[in-house]
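Let me begin by presenting the structure, written as structure tokens, before commenting on it.
The values are calculated or read from the model by the stated rules, or taken from the named source; none is laboratory data. Note that the structure is predicted; figures quoted are calculated from it, not measured. Note that we place each Cβ from the backbone using ideal geometry, even for glycine, and neighbour counts take in every protein chain shown.
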Amino acid sequence: MPGSIDEATVLLVDDNDILLRTLVRALRCMGIEADGVTTGAAALRRLTARPYRAVISDYMIGPGIDGLEVLTAAARFYPDSIRILLTGSADDRITAACEQGSVVTRVLQKPVELDHLRQAIGGATKEPPNPEQPQASQP
């Protein structure tokens, strides 16, 4: 089982290598630590090796493991993670996963705008709350 999430890290999964490299580079330029892989199997290996605060996966990532399976694994390993599905298509499995709410946190349509992506993973760039530090109350 992977360790706890203690860093602002994002895993991106897309079989389009050019898009993947572009998104990883853009996130890093925003100060977000990001890793990228091109297959579902590689994503599963990463998820078992290192904690991620957010996982962003294309739905159709080639033969084998699809994006929903990647996000299902991310939900199992890191239930508090942000799990975003990128897609250019509508599918009954996507609709069902979104209605269920436990696997997919958010769906973004391709092509995705960087501002939308940054907003969707906004919580992934924040430090986790310190349980020993009292929270400021709202008036």
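So the values come out like this:
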{"quantity": "Leading residue by the ranking (modelled with the lowest pLDDT) among those in the stretch 22-65 that are in contact with an Asp or Glu (Cβ under 9 Å, 6 or more places away or on another chain) and charged (D, E, K, R)", "calculated": "Arg50"}
{"quantity": "Residue within the stretch 92-103 that is on the phi < 0 side of the Ramachandran plot and at pLDDT 80 or above present", "calculated": "yes"}
{"quantity": "Top-ranked residue of the stretch 17-67 - restricted to ones that are polar (S, T, N, Q) and closer than 19 Å to Ala120 by Cβ, ranked as surrounded by the most Cβ atoms within 10 Å (Cβ to Cβ)", "calculated": "Ser57"}
